[in-house]
Amino acid sequence: MGTNRAIGWVLAGGLAVAGVAACGNGDECSSDNDCKGDRVCSAGACVGSDPGTGGTTHTTTSTTTTTGACTAPGIGCATSSECCQAGQDPGVGPTGATCVTDDQSCHANCNAGGDCASGCCVGLVGESYGVCVAASYCTLKGPDEPCDVDSECASSFCSGYNGWCTTYCSSNGDCPGWCAHTSSNEYLCFPMCSSNADCYVYGSATCKYVTTVSGNAYNVCSY
């Protein structure tokens, strides 16, 4: 399904899905390599290459799911097409499940905390839905929120004292702000800004014009 994005966004930013497209609502694919067993990729969905092989595909107006072996929430995955969908696992509701890359595991999809046994539903970057995660996750700070130490952040990564909760990134889509290169030769998420006033919450940070991972330049809060 393509490259994976990072988890770790709570509240304002949300999480991000594994794969270039949202795969939580069906057994989707871009090639035969995305499909398990003898199934093949047809019109963006994994189907049995012959009757009775690779599971039975059921299609509705909004989702495609496949019966047979699948990965339950909390179990490791590489893409969302591996995750159990609605009707395949009691822990998965009608909106399906998504593979998220920070813990490289399947998570049941949700729209509100009430959809989750943990009571904690966090949004996915670039998506209209979220995924169920541990209750403790909802008590931690989300992306771009001010922090002093890593333990304050849901991503377990604070940029430093008087900094912001951040994470490593490989594209601007991984961040609520921008993905930019650092002096330590890494790419991290930086808060976007339009003036220095937007960065006052981060102590001595100022609004700087930097080149992001895409090659385009944008304003970010930085030191």
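Can you find, within the stretch 153-167, the residue that is modelled with the highest pLDDT among those that are more than 20 Å from Cys207 (Cα to Cα) and surrounded by 15 or more Cβ atoms within 10 Å (Cβ to Cβ)?
Per the criteria, the residue is Phe157.
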**OP:** For Tyr161, indicate whether it is without any contact (Cβ under 8 Å) to a residue 60 or more places away in the chain and over 24 Å from the mean Cα position of the chain (by Cα).
**Re:** yes
**OP:** Scan the stretch 203-215 residue by residue and report those that are under 27 Å from the mean Cα position of the chain (by Cα), surrounded by 14 or more Cβ atoms within 10 Å (Cβ to Cβ) and assigned to a loop (DSSP other than H, G, I, E, B).
**Re:** Val213
Original post:
Is it the case that Ala135 is in contact (Cβ under 8 Å) with a residue 12 or more places away in the chain, farther than 12 Å from Phe190 by Cβ and under 16 Å from the mean Cα position of the chain (by Cα)?
Top reply: no
**OP:** Filter the stretch 182-197 for residues that are in contact (Cβ under 8 Å) with a residue 24 or more places away in the chain and loosely packed, with under 14 Cβ neighbours inside 10 Å and give the result.
**Re:** Ser194
Original post:
For Asp144, are the conditions met, namely being crowded, with 16+ Cβ neighbours inside 10 Å and among the acidic types (Asp, Glu)?
Top reply: yes
Original post:
Could you say which residue among Tyr161, Tyr200, Tyr218 is assigned to a helix (DSSP H, G or I) and over 29 Å from Gly91 (Cα atoms)?
Top reply: Tyr200
**OP:** Please find, among Cys193, Cys189, the residue that is modelled with pLDDT of 95 or more and either within 27 Å of Cys99 (Cα to Cα) or touching a Ser or Thr at 6+ places or on another chain (Cβ under 7 Å) (or both).
**Re:** Cys189
**OP:** Mind listing whichever residues of the stretch 131-149 are at pLDDT below 90, assigned to a strand (DSSP E or B) and out of contact with any helix residue (DSSP H, G or I) (no Cβ under 6 Å at 6 or more places or on another chain)?
**Re:** none
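The values are calculated or read from the model by the stated rules, or taken from the named source; none is laboratory data. Given the structure is predicted, the values throughout are model-derived calculations rather than measurements. Virtual Cβ from ideal backbone geometry, glycine too; neighbours counted across all protein chains shown.
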